[in-house]
């Protein structure tokens, strides 16, 4: 596994799809596009007066919400949704101990991994990411929490778009993307595909 240098990353500042290797789901930004200046929402938790929308794993690129632009930020990356302008953002506590110490990502494992949200700004550096190349795949690690971007839920079945949407009102609610402490079942491996 090799850390990707922003200076040599060929997919900077271009539209990409980020597809989970195991579930085949696209990283997808729910919620309204940001309004006003970055930071105007005041935070990402409901206690700030605005709760940032979840990032989910969708079976298709509905309304271009699965398109992302990866920007260089010093030695790290900011990952911005092309449609909503929200940054990929890691909520929750940083990992403690060795990778895998949390025992899983579901509450049934004794620890429920925190969600990944779409925030309007890089609060407390939680929108900064480190990308590692692992063969043809990538691990995407949050700089602050050390959590891996991780796809929950069932793999897609059938053709792209067969689920009909990402909201429960479409008949199927897309599973959340969380920040896990380890690469359980290869669900923290992603493909980054130029568009």
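The values are calculated or read from the model by the stated rules, or taken from the named source; none is laboratory data. Worth saying up front: this structure is predicted, and the values here are computed from it rather than measured. With ideal geometry, Cβ positions are generated from the backbone for all residues, glycine too; neighbour counts draw on all protein chains shown.
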Next item on the list: Might you check whether a residue that is within 16 Å of residue 27 (Cα to Cα) and outside any strand (DSSP E or B) occurs anywhere in segment 131-144?
Entry: no
Checklist line | Of residues in segment 41-68 being in contact (Cβ under 8 Å) with a residue 24 or more places away in the chain and in contact with a helix residue (DSSP H, G or I) (Cβ under 8 Å, 6 or more places away or on another chain), the one surrounded by the most Cβ atoms within 10 Å (Cβ to Cβ) | finding: 44
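What is the residue count in segment 107-131 for residues that are surrounded by 14 or more Cβ atoms within 10 Å (Cβ to Cβ) and farther than 21 Å from residue 70 by Cβ?
Looking only at that region, the number is 4.
Out of the residues in segment 46-58 that are in a loop (DSSP other than H, G, I, E, B) and within 17 Å of the chain's Cα centre (by Cα), which is farthest from residue 187 (Cα to Cα)? Give the steps one after another, and end with the answer.
So the first thing to find is which residues in segment 46-58 are in a loop (DSSP other than H, G, I, E, B), and the list is 49-53.
Checking which are within 17 Å of the chain's Cα centre (by Cα) leaves us with 51-53.
On the way: 51: 26, 52: 23, 53: 21 Å.
Selected residue: 51.
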Notebook entry, point to check: So which residues in segment 22-36 are part of a loop (DSSP other than H, G, I, E, B) and under 20 Å from residue 172 (Cα atoms)?
Noted result: 22, 23, 24, 25, 30, 31, 32
Check: Can you tell me which residue in segment 151-189 is modelled with the highest pLDDT, limited to those that are out of contact with any strand residue (DSSP E or B) (no Cβ under 9 Å at 6 or more places or on another chain) and not in a loop (DSSP other than H, G, I, E, B)?
Finding: 185
